[in-house]
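One structure is given here, and the rest of the page talks about it.
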Amino acid sequence: MKTWKLSTLDALFAAIAGKQTLYIPADVAGQPVFARWEPGLAMTRALNTGRSAKDLFFPQVEDLARFRVAGKTVSVSPAQALQEPFVIFGVRACDCRSFDILDSVFLAEPADTFYQARREQATVVTLACSQPEETCFCTSLGIDPQAPGGDVSCWMAEDTLYLQANTEKGEALLASLPRLEDGEKPDADSSVFDKLPLKDLDFSAFSGKALMDWFNSPVWERLSQSCLGCGSCTFVCPTCQCYDVRDFDTGHGVQRYRCWDSCMYSDFTMMAHGTNRPTQKERFRQRFMHKLVYHPNNHGGQIGCVGCGRCLQKCPISMNIVKVANALKEGKA
């Protein structure tokens, strides 16, 4: 275990940024986000960023290729996958677990080379939680917010930052830093997590064996009536993976890019014949069936949620995965 004085945290960031690009959770334009560190940029006091650390591995917009046409000749210039190493500091345990869920999709054969390159180049430094929000429920999904994992795990206590390397990447990062001292992490107080209102959530009922029972539940009709289809829940979710691929005429050729999409949108997967989910009920059901049933059925029981609570905070009509899961189990809206 290594230690660093919190009073000189900027010096730690400068030491990391001197060797690799560094991202930290910081307030930018009044919102907590993961931003590239530069001198003077301070860590946010918010527990979590508005959008998750997923952005660093699966960006909202990403170039794929460029096409140029000259007469009968078409030239293609594929976008280059990231080749520069970077460090992302301050990732909470929920977001760190989300990488496992994203990996199970993007790194399955055939692997998504853009995502794969970012994962290979990244060193993830996590930060333990000590003051969770009332909307947090990661512990109900088997996540320990005080043992956040990653390549390096960090804890803050009084005036000290404690750092523990968990992987070869983590060991290499700590070995490259000056002024680290040996220390012993103090015992953590977990009593605050036992007081959270959502600590007793149980998702064990959502097994693949009952897939059609959940799919045909009458609850979907009632729950979906208030949904606006705005997609806020999908854009703040650290585990959502939907994207669209589009072509843009630049006037000098065609730029192909991908961008986040949402299964809550009426034009999601729209084709010439229309869409296979024409009603809000069907789109609403798709999102939550994927999180609660489809993903765990295809990935060894792994629920497609990490309990970060962002959807509870951001939904304009207070509809979220907790409310849906409870309503389904109770058989009522």
Selected residue [out of contact with any Lys or Arg (no Cβ under 9 Å at 6 or more places or on another chain) and farther than 24 Å from Pro145 by Cα] from Gln225, Gln280: Gln280
From the options Val192, Val219, residue that is within 12 Å of Leu328 (Cα to Cα) and either in contact (Cβ under 8 Å) with a residue 40 or more places away in the chain or in the same structural domain as Val306 (by TED's automatic domain parsing) (or both): Val219
Any chance Phe235 is at negative phi and out of contact with any helix residue (DSSP H, G or I) (no Cβ under 8 Å at 6 or more places or on another chain): yes
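Residues in the range 106-127 that are touching a Pro at 6+ places or on another chain (Cβ under 8 Å) and either among the hydroxyl-bearing types (Ser, Thr, Tyr) or outside the structural domain of Glu168 (by TED's automatic domain parsing) (or both): how many? Steps first, please.
Looking only at the range 106-127, we keep the residues that are touching a Pro at 6+ places or on another chain (Cβ under 8 Å), and these are 121-123, 126-127.
From the residues that got through so far, the ones that are either among the hydroxyl-bearing types (Ser, Thr, Tyr) or outside the structural domain of Glu168 (by TED's automatic domain parsing) (or both) too are 123, 126.
Result for the range 106-127: 2.
Yes or no: Asp103 assigned by TED's automatic domain parsing to the domain that holds Thr139, crowded, with 19+ Cβ neighbours inside 10 Å and acidic (Asp, Glu)? If you could, list the steps in order and put the result at the bottom.
Values: assigned by TED's automatic domain parsing to the domain that holds Thr139: yes; crowded, with 19+ Cβ neighbours inside 10 Å: no; acidic (Asp, Glu): yes.
Judged against the criteria, Asp103 is not a match.
Suppose the filter is of a type outside the set (S, T, N, Q), out of contact with any helix residue (DSSP H, G or I) (no Cβ under 7 Å at 6 or more places or on another chain) and not in a loop (DSSP other than H, G, I, E, B); does Cys136 pass it?
Working: of a type outside the set (S, T, N, Q): yes; out of contact with any helix residue (DSSP H, G or I) (no Cβ under 7 Å at 6 or more places or on another chain): yes; not in a loop (DSSP other than H, G, I, E, B): no.
When the stated conditions are applied, Cys136 does not pass them.
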One residue from Ser176, Ser130 being more than 21 Å from the chain's Cα centre (by Cα), assigned by TED's automatic domain parsing to the domain that holds Ala17 and among the small types (Gly, Ala, Ser): Ser176
Residue within the range 23-41 that is among the hydroxyl-bearing types (Ser, Thr, Tyr), modelled with pLDDT of 95 or more and either surrounded by fewer than 20 Cβ atoms within 10 Å (Cβ to Cβ) or outside the structural domain of Trp155 (by TED's automatic domain parsing) (or both) present: no
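Any idea how many residues of the range 57-78 are touching a residue at least 12 places away in the same chain (Cβ under 8 Å) and surrounded by fewer than 19 Cβ atoms within 10 Å (Cβ to Cβ)?
Taking the range 57-78 as the starting set, the residues that turn out to be touching a residue at least 12 places away in the same chain (Cβ under 8 Å) are 57-58, 60-69, 77-78.
Checking which are surrounded by fewer than 19 Cβ atoms within 10 Å (Cβ to Cβ) leaves us with 60-69, 77-78.
Here the count works out to 12.
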Lone unmet requirement of (1) out of contact with any helix residue (DSSP H, G or I) (no Cβ under 8 Å at 6 or more places or on another chain); (2) at positive phi; (3) touching a residue at least 60 places away in the same chain (Cβ under 8 Å) for Gly142: (3)
Scope the range 263-310; condition touching a residue at least 24 places away in the same chain (Cβ under 8 Å), in a loop (DSSP other than H, G, I, E, B) and closer than 19 Å to Phe99 by Cα; matching residues: His299, Gly301, Gln302, Ile303, Gly304, Cys305, Val306, Gly307, Cys308, Gly309
Those residues of the range 154-205 which are out of contact with any Asp or Glu (no Cβ under 8 Å at 6 or more places or on another chain), aliphatic (A, V, I, L, M) and part of a helix (DSSP H, G or I), in sequence order: Ala172, Leu174, Ala175, Val192
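The values are calculated or read from the model by the stated rules, or taken from the named source; none is laboratory data. These numbers come from a predicted model, not from an experiment. A quick note on method: Cβ atoms are made from the backbone with ideal geometry, for glycine too, and the neighbour counts reach across all protein chains shown.
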